[in-house]
Amino acid sequence: MNQRERLVVGISGSSAPHYGVMLLRVLRDLGTIETHLILSEGARQTVRVEMDMDPAQVESLADVTYDPRDLGAAVSSGSFLTVGMAVVPCSMKTLAAISSGHAADLLSRAADVTLKERRRLVLVTRETPLSLIHLRNMVAATEAGAVILPPMPGFYHHPRSIEDLLMHTVGKVLDQFRVQHDLFRRWAGIESEDG
């Protein structure tokens with residue numbers, strides 16, 4: 001029996017928890033990845049305020065959930081094997097913690113473990129405009145091995161809804177982990193007018 005690969009999903013307190021929730025829904029529907037969710041205290045608030053959802057509904061989308069205060073959880077150790085971690089969305093507070101190695105909660109600790117084990121860490125940073133501090137933290141995280149993947153909407157696939165825009169970003173996150181999907185139409189080049 002083949003065990004599914006594990007992906008740690010962190011949802012921080014940034015605006016737009018919709019991205020993380022959509023990622024969990026897509027992965028649940030695909031069924032190929034086992035999800036390990038850390039929902040921060042801030043994320044619990046934004047889920048209630050921005051999505052009118054109970055955080056328990058978000059947790060129910062994951063295979064395994066963790067208390068963000070539990071620094072003894074499985075995902076706090078490099079010996080717990082995963083394909084990596086995605087923080088979707090990643091607040092500037094969480095980015096600062098990750099880029100400085102300040103692992104004060106489980107979300108930042110799991111990200112720290114992901115980096116030290118040289119696994120893929122994708123940070124869907126969500127803020128605008130960006131200060132020099134934000135930019136420097138992004139550089140530091142990138143230099144440590146993270147992938148900075150802001151939710152920048154593409155329009156080549158002709159989105160018709162907010163869900164289409166969410167799916168585009170979620171698809172980009174899945175691409176980083178080589179997870180097959182058909183969430184958006186991929187760019188295939190521009191056809192010439194004469195053929």
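The values are calculated or read from the model by the stated rules, or taken from the named source; none is laboratory data. Being a predicted model, the structure only gives us computed values, none of them experimental. Ideal geometry is used to build each Cβ from the backbone, glycine not excepted, and the neighbour counts take in all protein chains shown.
List of remarks:
- Any hit, region 44-55, residues being in contact with a strand residue (DSSP E or B) (Cβ under 8 Å, 6 or more places away or on another chain) and surrounded by fewer than 24 Cβ atoms within 10 Å (Cβ to Cβ): yes
- Residue match in region 72-91 (condition: within 26 Å of LEU135 (Cα to Cα), assigned to a helix (DSSP H, G or I) and touching a residue at least 24 places away in the same chain (Cβ under 8 Å)): no
- Test: residue in region 66-87 that is over 15 Å from THR35 (Cβ atoms), touching a Cys at 6+ places or on another chain (Cβ under 9 Å) and basic (Lys, Arg): no
- Qualifying residue in region 166-186 (condition: exposed (fewer than 12 other Cβ atoms within 10 Å of the Cβ) and either part of a helix (DSSP H, G or I) or small (Gly, Ala, Ser) (or both)): no
- Sole residue being buried (at least 21 other Cβ atoms within 10 Å of the Cβ) and not hydroxyl-bearing (Ser, Thr, Tyr), chosen from ALA96, ALA73, ALA104, ALA86: ALA86
- Filter result (under 21 Å from SER91 (Cα atoms) and either under 16 Å from the mean Cα position of the chain (by Cα) or at pLDDT below 95 (or both)) within region 42-65: GLY42, ALA43, ARG44, THR46, VAL47, VAL58, GLU59, ALA62, THR65
- Region 1-51, residues that are part of a helix (DSSP H, G or I) and in contact with a Lys or Arg (Cβ under 9 Å, 6 or more places away or on another chain): TYR19, GLU41, GLY42
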